[in-house]
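The values are calculated or read from the model by the stated rules, or taken from the named source; none is laboratory data. The shown structure was predicted, so the numbers you read here are calculated from the model rather than taken from an experiment. Reconstructed Cβ throughout: ideal geometry from the backbone, glycine too, with neighbour counts over all protein chains shown.
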């Protein structure tokens, strides 16, 4: 019976735990621009002896909450993930089908941990602070205060000019009265 089974069936490994299945772009990664995606589990299958194994297909399904698509300069669409990323982080699933039949599936994991580039992280932090609703409110308040200060300065300048003009007019009237008085005195 054992020999009959060995002659009729093949036992084969589709993937081992940790096998690299794909490599995707890593945006804002420190010292790296890609991440290797590997399998979590070992998957084995049994088939009839003589089955055509060329129909074996691997379908990779990425978690769209973490992995997204980008278009490169060459016009090709590729998958990408944003740093930081930790080793063992789940990025999706791999389904193995043979002649249209599902024979196994496993989670896809990040092979390495990669931090965010500190310069990029700094600029992202600054950007998020500048364009946050709190920053917009603070900027609005500052602009209103600057506007009020400018109005105050214009009003204060106008008041000073008016006072100076009035003073000059009064001084001119006084000078004319003194001149008239001197002329009257001189006539007497």
Where a residue in the range 43-72 is under 17 Å from residue 15 (Cβ atoms) and its partner, wherever it lies, is modelled with pLDDT under 90 and assigned to a helix (DSSP H, G or I), with Cβ under 8 Å and at least six apart: 47/53
The condition of being assigned to a helix (DSSP H, G or I), more than 37 Å from the chain's Cα centre (by Cα) and either surrounded by 10 or more Cβ atoms within 10 Å (Cβ to Cβ) or modelled with pLDDT of 85 or more (or both) holds, among 119, 159, 146, only for 159
Has the range 95-113 got at least one residue that is farther than 19 Å from residue 10 by Cα, under 23 Å from the mean Cα position of the chain (by Cα) and exposed (fewer than 14 other Cβ atoms within 10 Å of the Cβ)? yes
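Need at least 2 residues that are modelled with pLDDT of 90 or more, surrounded by 15 or more Cβ atoms within 10 Å (Cβ to Cβ) and under 32 Å from the mean Cα position of the chain (by Cα) per element, so show me which strands (runs of 3 or more DSSP E) inside the range 12-59 make the cut, counting only ones lying wholly within it. Even if it seems obvious, please write down each step before you answer.
Details: elements: 20-27, 34-39, 43-48.
Where strands (runs of 3 or more DSSP E) fall fully within the range 12-59 and carry at least 2 residues being modelled with pLDDT of 90 or more, surrounded by 15 or more Cβ atoms within 10 Å (Cβ to Cβ) and under 32 Å from the mean Cα position of the chain (by Cα), they are 20-27, 34-39.
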Could you go through the range 81-93 and let me know if any residue there is more than 30 Å from residue 125 (Cα to Cα), modelled with pLDDT of 95 or more and either touching a helix residue (DSSP H, G or I) at 6+ places or on another chain (Cβ under 9 Å) or in a strand (DSSP E or B) (or both). yes
